[in-house]
Amino acid sequence: MIKKGTLFIIISIISVSMYGCSNKQATADKQATVEKQATAEKQAPAEKQAPTEKQSTTEKESPTKKQVTTSPNNKTTASKESKNKTVVKEGFYGEWIIKSNPVGSSVTAYSSEDVKNIVGKKITYSKVKASYGTNICTSPVYKKSSISRSNFEGGYRVNFSRLNIANFPLKYVVVDGLSGIGNQFYVKDANTLLLFSGGYFFELDRLN
């Protein structure tokens, strides 16, 4: 039979052992909690920082995207402005002088003095002006057509061989807004015009 003293000692030993195990377990639990919290705190800034890095990347890419988007618009605008600045220049634009020795038809309305006063005069055709001497038209309208050889020969009583026209059809131009001499003419070639007035064909040479 176990003595009371011995039993007390055994119970004391068991109690101390259980208390030690309990403290050890509590310490382990506390350490695990601390480590878990430290890990969570370490991960939190990284996760929080991620959107900032993403935003920074987006902001950095933004100017590039903007440049790509606006570039075609700028190109289209430049192309459009270039197109608006393009001006069609007619081949007969320029300054011309009326040559001597016009070719007359069988019926004429000008006297020799009239012809003399016409020869040497200058005629100008441009987009903004058509003029003969003091007769000036601003913003003229040029109506262009062509005429065949047969129609040309049938329309005028003139020695055709003296005109030395090499190519048909001839371009025929009527100048709306200009009256009298110079309000209609034929384009013989790039540097020569034919002007019919008073029963005469006057040849015009290009000055510029």
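Just so it is clear, none of the values below were taken in a lab; they were calculated from the coordinates. Predicted model only: the values in this text are computed from it and were never measured.
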Using alpha-carbon positions, what is the distance between the centroids of segment 158-208 and segment 128-154, in Å? 9
Calculate how large, on average over all directions, the projected area of the Cα convex hull of segment 94-206 is; give the answer in nm² to one decimal. 6.6
